[in-house]
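Down below is the structure, laid out as structure tokens.
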């Protein structure tokens, strides 16, 4: 237990430190209502430039989606939390994105990004770091919280808020059913029948965070709750 606790605290410290980089190297902290590719304003930190939609400087051949899924599985295994499983890995131009869920509840645990050149796995900068009340560095990993608190905003209201946000930004998109995380919902957006991106809605405040770095979508893999490579 001591080793696992030290690992989780270490991951929390890493997440908080990386969050600090985000907040100091973008225009402003908190939800950024971007509509284009990448964060608004300058993003120059080399660790996350390509993963978050900035210009790519990598020359290495990108890893494939199966290798990305295995990298995510290794990350999840390293947490020492056996109730977690990789549910989905999506490939975008600048990164791989993964959803990790709880096996017993099916509820979203957290979201991850994978660097396409190196296979580096990190918490996705955004709602999973700032809003996640159970697994995020600002919540269950690094400080006291009530991760079981019921979100006053239900999935239907969250969907309405997401649709209102898209309409107000001139983004004519449909929404898939949300993934319910601790503290927020994440929706995949659809243009016609094709996945187009995603956005999240805070389940307590109703704030909307558009994942503008996820463009364009290429492909995805879904996995049973036993994880990648077990089918």
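The values are calculated or read from the model by the stated rules, or taken from the named source; none is laboratory data. What you see is a predicted model, and the numbers here were worked out from it, not measured in a lab. Positions of Cβ are backbone-derived with ideal geometry, glycine not excepted, and every protein chain shown enters the neighbour counts.
Tabulated data for the structure shown
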{"read-out": "Residues being surrounded by fewer than 23 Cβ atoms within 10 Å (Cβ to Cβ) and either in a strand (DSSP E or B) or free of Cβ contacts under 8 Å to residues at least 12 places away in the same chain (or both) - total across region 209-218", "value": "3"}
{"read-out": "Of all residues making up region 198-208, the number that are buried (at least 17 other Cβ atoms within 10 Å of the Cβ) and part of a loop (DSSP other than H, G, I, E, B)", "value": "2"}
{"read-out": "Inter-residue pairs, beta-carbon under 9 Å, first touching a residue at least 40 places away in the same chain (Cβ under 8 Å) and in region 148-176, second surrounded by 15 or more Cβ atoms within 10 Å (Cβ to Cβ) and assigned to a helix (DSSP H, G or I), 6+ apart", "value": "151/158; 153/161; 171/165"}
{"read-out": "Conditions (1) over 20 Å from residue 95 (Cβ atoms); (2) more than 13 Å from the chain's Cα centre (by Cα); (3) not in a helix (DSSP H, G or I); number of the one not met by residue 195", "value": "(1)"}
{"read-out": "Selection within region 73-86 - within 19 Å of the chain's Cα centre (by Cα), more than 14 Å from residue 224 (Cα to Cα) and surrounded by fewer than 19 Cβ atoms within 10 Å (Cβ to Cβ)", "value": "74, 77, 78, 79, 81"}
{"read-out": "Residue within region 50-72 that is more than 21 Å from residue 186 (Cα to Cα), under 16 Å from the mean Cα position of the chain (by Cα) and at pLDDT below 95 present", "value": "yes"}
{"read-out": "Residue check, residue 158 more than 15 Å from the chain's Cα centre (by Cα), within 19 Å of residue 202 (Cβ to Cβ) and surrounded by 23 or more Cβ atoms within 10 Å (Cβ to Cβ)", "value": "yes"}
{"read-out": "Filter result (closer than 29 Å to residue 216 by Cβ and touching a helix residue (DSSP H, G or I) at 6+ places or on another chain (Cβ under 6 Å)) within region 141-174", "value": "173"}
